[in-house]
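Asker: Sharing a structure with you now.
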Amino acid sequence: MAQVLAVPGHVRHGFSYVGQFNHDFGRITGIAASIKGNILLCDYDNKNMTLVDPLGNYLKKLDLDSEPYEVAITSQNIGYITQPNSRSVLQIDPDRMMVLLKSTCKKLRSTVFCVSAIQNTGRDFSDKASGFLGVKECDGTSHAIAVKHDKFDLTRLSYTGYIIGLCFVKFHAVNEKSSFSCIGGQNYIMYHERGYTKKIDNIATLDTPTDICSDDNGHIYVSGQGSNNIHRLERYLHKEPWETSGKTAWKLLDIPLDLSHGVKEPVALCFNHEYSKLYIVNEWGKSVLVFEVI
């Protein structure tokens, strides 16, 4: 399979195909990399978590009592697994595959749906937010709840989190103040800053966005399940003539991976912590593609 080389004159990554793996998956809906480089996968249909090494060789499986939907692993190497159907989130040691804590939403008709880790927050626990849990309430309102140290509060959503919108299926935290989300039934994504929300709906080649991640150059990657490709976005400052200061905006940079590189119905993606490999959950959750970052 052909390499995707970096474009001269631009600071952007290229990709080289390594291979793919499949361990009789039911349907993978979430993926994350540990500090050691191992890969943790949510198998929604089979109600388990599968741990593989950086090349996809099987290591261990953890059976669960409810369907896992999303997983994130923080810079402190603590994993968080959401189980929307049981309104709970698991805190785990990802490389030992050991559950450290299970927390359930106390508020009736609310559930923990998604989770996202913030990059490069340090190996030690601190007052910085290391990630966010996406919690949905019965009226459709969704809050991003910060994980600080190794703690979070699911009891006072309006006080401990900020609103991230309605009908989201995945979200990606860029930092403590900004995030992206994929919206159910739509072909656009949303960008959120505290007090500012922007719809990114001008990408004609994006169909059914399913997941979002970012690299060490600050670029955003969006998987298009219906368009069989991966879009790369870059940040710019948008300023109207009457404004004294601009706002952060995003535009399409390129499409580094598509059907010609084996990308077919992608549903999730992530980089490892060193940004040396990109993993794409492919074929509606049946297999995983591995690319070397060049």
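Asker: With the checklist (1) touching a Lys or Arg at 6+ places or on another chain (Cβ under 6 Å); (2) under 22 Å from ILE212 (Cα atoms); (3) of a type outside the set (Phe, Trp, Tyr) in hand, flag the one item CYS138 doesn't pass.
Answerer: (2)
Asker: Something else about it: Only residues in the range 86-112 that are without any contact (Cβ under 8 Å) to a residue 60 or more places away in the chain count as the first member; pair them with residues that are assigned to a loop (DSSP other than H, G, I, E, B) and among the charged types (D, E, K, R), Cβ under 6 angstrom, at least 6 apart or cross-chain, and list the lot.
Answerer: THR104/ARG87; CYS105/ARG87; SER110/GLU137; THR111/ARG87
Asker: Among the numbered criteria (1) in contact with a Leu (Cβ under 8 Å, 6 or more places away or on another chain); (2) at pLDDT below 95; (3) of a type outside the set (S, T, N, Q); (4) under 26 Å from GLY122 (Cβ atoms), which single criterion is violated by VAL11?
Answerer: Exception for VAL11: condition (1).
Asker: May I pose another question? Looking only at strands (runs of 3 or more DSSP E) that fall completely inside the range 42-124, which ones have 2 or more residues that are in contact with a strand residue (DSSP E or B) (Cβ under 8 Å, 6 or more places away or on another chain) and surrounded by fewer than 20 Cβ atoms within 10 Å (Cβ to Cβ)?
Answerer: Strands (runs of 3 or more DSSP E) meeting the threshold: 48-52, 58-63, 88-93, 98-104.
Asker: Can you tell me which residues in the range 29-42 are under 16 Å from ILE280 (Cβ atoms) and either without any contact (Cβ under 8 Å) to a residue 12 or more places away in the chain or not small (Gly, Ala, Ser) (or both)?
Answerer: THR29, ILE31, ILE39, LEU40, LEU41, CYS42
Asker: Another question about this same structure. Please enumerate the residues belonging to the range 120-150 that are within 17 Å of LYS107 (Cβ to Cβ) and either modelled with pLDDT under 80 or out of contact with any His (no Cβ under 6 Å at 6 or more places or on another chain) (or both).
Answerer: Selection gives LEU133, GLY134, LYS136, GLU137, CYS138, ASP139, GLY140, THR141, SER142, HIS143, ALA144, ILE145.
Asker: So, GLU240, is that one acidic (Asp, Glu), in contact with a Gly (Cβ under 9 Å, 6 or more places away or on another chain) and without any contact (Cβ under 8 Å) to a residue 24 or more places away in the chain or not?
Answerer: It is true that GLU240 is acidic (Asp, Glu), in contact with a Gly (Cβ under 9 Å, 6 or more places away or on another chain) and without any contact (Cβ under 8 Å) to a residue 24 or more places away in the chain.
Asker: Tell me, which strands (runs of 3 or more DSSP E) wholly within the range 209-294 include 1 or more residues that are over 22 Å from THR29 (Cβ atoms) and modelled with pLDDT of 95 or more?
Answerer: The qualifying strands (runs of 3 or more DSSP E) are 229-238, 247-257, 287-293.
The values are calculated or read from the model by the stated rules, or taken from the named source; none is laboratory data. Note that this is a predicted model, so its numbers are computed, not measured. Glycine also receives a Cβ, built like all others from the backbone with ideal geometry; neighbour counts cover every protein chain displayed.
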